[in-house]
Amino acid sequence: PEETVTSSFASFIHAVRPEHLSKTVRYRSKRMILDSIGVGLVGSTTHVFDIALQYCRELYSSVAVSSIYGKPGVKLSPTLAAFTNGVATHSMDFDDTWHPATHPSGAVLPALLAASQMLPPSTKPNGLDFLLAFNVGLEVQGRLMHFSTEAHNIPKRFHPPSVVGTMGSAAATAKLLSLSMAQCAHALGIAASLAGAPMANAATQAKPLHIGNATRLGFEAALLAARGMEANPFILDDIPGCSGFSAFYSVYQPKPLSTPSEHHEFLLEKQDIAFKRFPAHLGMHWVVDAALSVRNLFINYAGSFSPSLIRTIVLKIPVSKYIDRPFPSSEHQARHSFQFNACTALLDGEVGLSSFTESSIHRQELRELLDKVVVEHPEDNVANFDKMYGEVALLLHSGDVLTGKCDTFYGHWRKPLSRESLLKKFRSNASHVLPEEKVETIITMVDNLENMSDSSQL
C-alpha cells in the first residue's frame, strides 16, 4: 500500500527499538520522568486533585489495580488512575514544558505507569521497554507540533497537551502494549477523536483536566485499538475537503516520520526540556528572574526593599491575553499572571509553593505593588518560549530607574537545571507525601530504569 503520513507514524511506533535511544536521550528523559513524578506527588496535595479522585472513586467501579500519586493503598482502574495522576501532575502548573509549547511528560507518564500495573505478570514490560514507550510518546508529540507554525508560539486556541498529548499517550501506550502497525494507526485515529480543549479554561481548576484527559483518553484509544476498533487510516494526512488532525490548526503541513533503521535521532536529542523552579506558567519564570535581578539592584541602591520608594513598576512582556492578569483572585489565576509573579518576587525575594495560598494572594502590601504595575508589549518581545524575554523596570519617586531583564531563566533548555537542582526539586516535592527512604528509592529506580526487570515496580 502507498505510504501515508499516518502509516509512517504507525510504522515508526511499531518498529522503533530500545537501541535507538542515545545516551543523551536516556539521560534527558529520565530527568523528565523523575521531575514529573515529583510534581505529581506534590500535586496530589491539591484541592483539584481531591475533586478528581473523589469523582473517580464515587462514579466508577472497575478492576482497581493501578496506584495513585500520594495515596498509599488507594488504587483505581488503569485509565482512571492515569486520569487522576495526570490531573495531579498539572494541578500546580509545575510540570515540564517543551518547545514548541506543550507539557509532554504529564500526558504520557501516568498512562504508562497505570498500564504497566495492568498487564499480567508474564507480560510486564521491563524498564527499558518503559523508557522506550515514554520516548515514543514524546517523539509523536514533538513531530506533530512541527506540522504547524502556529505551534511555535504561546497558544491561543487549543491547549497543546490536550491535542498532541492525547496522541502521544496513545502512541506510548500502543508501544508498551506491543500493538501491530495497523493497530498503532487506529490508536492515533481514535485518539484524534478524543483530543482538544480550549485555552479559555487556562487559569481555572479545569485546566489540569486537560492533562488528565490527554493521558487517559490516549490510553483508552490504544486499548480500543487493541480490541479491534478502527479509525480513519489517514488521520494525520492533509486530505483536501476532509479535516483529520489538521482540524486543530489553520496551517498544517504534515511530514512522514521515517522508520528507524540502525539509528534514529529523537527530537529530545535536538531540543531539551524546560523544568520549572516554581509552580506557575512557564512565562512567569522570565519575569520572576528579571524581578529578582532588579530587586537586588534596589537593595544595593536603598539598603532594603522599600515599596514606598517605587512610583511605577513597568513590565515589558509579550502579548498573551491569558497570562496578562493585573489582579488575580485565585491560585490558578495567580499562576497565570505576569503581574502577580513579578510583584511577589519583588516583595518576597522568591516565588514558591506558599506564594499561591489564599493568604499570600490577598495581602495588602502585594495589592499595593500590583496597583503600581504598567504593562508594555515591545514589538521584539514575541510570545514564543524560545525567543521571549521579561523585563522589570522600577521607576522611583527620586527619578531614578532600575531595570532587570531575563532572556533565559535557570531551568530553560538553554540553561538547564543541574542534577543537584533537579534532585532538590524532586525531594522537596515528593517529601510532601512520602517518607525520605521512599523518596530516595524512587531516585535510584529512575536512575537505573534500563536495568529494571519489571517497570510496574516504579
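Calculated mean residue ellipticity at 222 nm for the chain: -13500 deg cm²/dmol, from DSSP H runs with n ≥ 4 weighted as -39500 (n - 2.57), summed, divided by the residue count and rounded to 500. Any idea which of 399, 179, 385 is furthest toward the positive side of the dipole for the chain, if Lys and Arg beta-carbons carry +1 and Asp and Glu beta-carbons -1? Sorting the options by dipole projection puts first 399. For the pair residue 251 and residue 327, the difference between a 0.36 nm per residue extended length and the Cα-Cα distance amounts to 23.9 nm. Using C-alpha pairs under 8 Å with a sequence gap of at least 6, the mean separation divided by the residue count of segment 257-390 gives a relative contact order of 32 percent. The C-alpha atoms of segment 87-165 occupy a region whose extents along the principal axes are 45, 27, 16 Å, arranged from largest to smallest. From most to least packed by mean Cβ count within 10 Å, the peptides 179-192, 265-278 give 179-192, 265-278. Taking the DSSP beta bridges with both ends in the chain, the antiparallel portion is around 75 percent. Partners of residue 71 within straight-line reach, counting lysines whose Cα lies under 19 Å from its Cα and excluding those fewer than 8 residues away in the same chain: 438.
Could you work out the percent of alpha carbon pairs in the chain separated by over 33 Å, rounded to a whole number? The share of Cα pairs beyond 33 Å in the chain comes to 35 percent.
Projected label points at residue 420 and residue 146, each 7 Å from Cα along the beta carbon direction, are separated by 3.5 nanometres. Once C-alpha pairs closer than 8 Å and six or more residues apart are averaged by separation and normalised to the residue number of the chain, the relative contact order reads 21 percent. In segment 386-458, what trypsin sites (Lys or Arg not before Pro) fall in a loop by DSSP, with at most 15 other Cβ atoms inside 10 Å? Those that pass, being in a loop and sparsely packed, are 387, 414.
Rg and Dmax over the alpha-carbon atoms of segment 347-442 stand at 18.3, 56 Å.
Please give the helix 207-226 orientation as an angle from the longest Cα principal axis of the chain, in degrees from 0 to 90, rounded to the nearest 10. Its long axis makes an angle of about 10 degrees.
If you wrap the tightest convex hull around every Cα atom of segment 282-406 and split its volume per residue, you get 93 Å³.
With all protein chains present, how much of the accessible area of the chain (probe radius 1.4 Å) comes from carbon and sulfur, to the nearest whole percent? Whole-percent figure for carbon plus sulfur exposure: 50.
Under a model in which nothing but the beta-carbon of Lys, Arg (+1) and Asp, Glu (-1) is charged, segment 282-406 shows a dipole of about 100 debye around its Cα centre. Mean silhouette area of segment 126-183, derived from the convex hull of its C-alpha atoms and averaged over all directions, reads 4.5 nm².
The values are calculated or read from the model by the stated rules, or taken from the named source; none is laboratory data. In this text, all values refer to a predicted model and were calculated from it rather than measured experimentally. Positions of Cβ are generated from backbone atoms using ideal geometry, with glycine treated the same way; all protein chains shown enter the neighbour counts. Areas reflect the complete protein model, heavy atoms only, side chains present, ligands, DNA and RNA absent. Shrake-Rupley method; radii C 1.70, N 1.55, O 1.52, S 1.80 Å.
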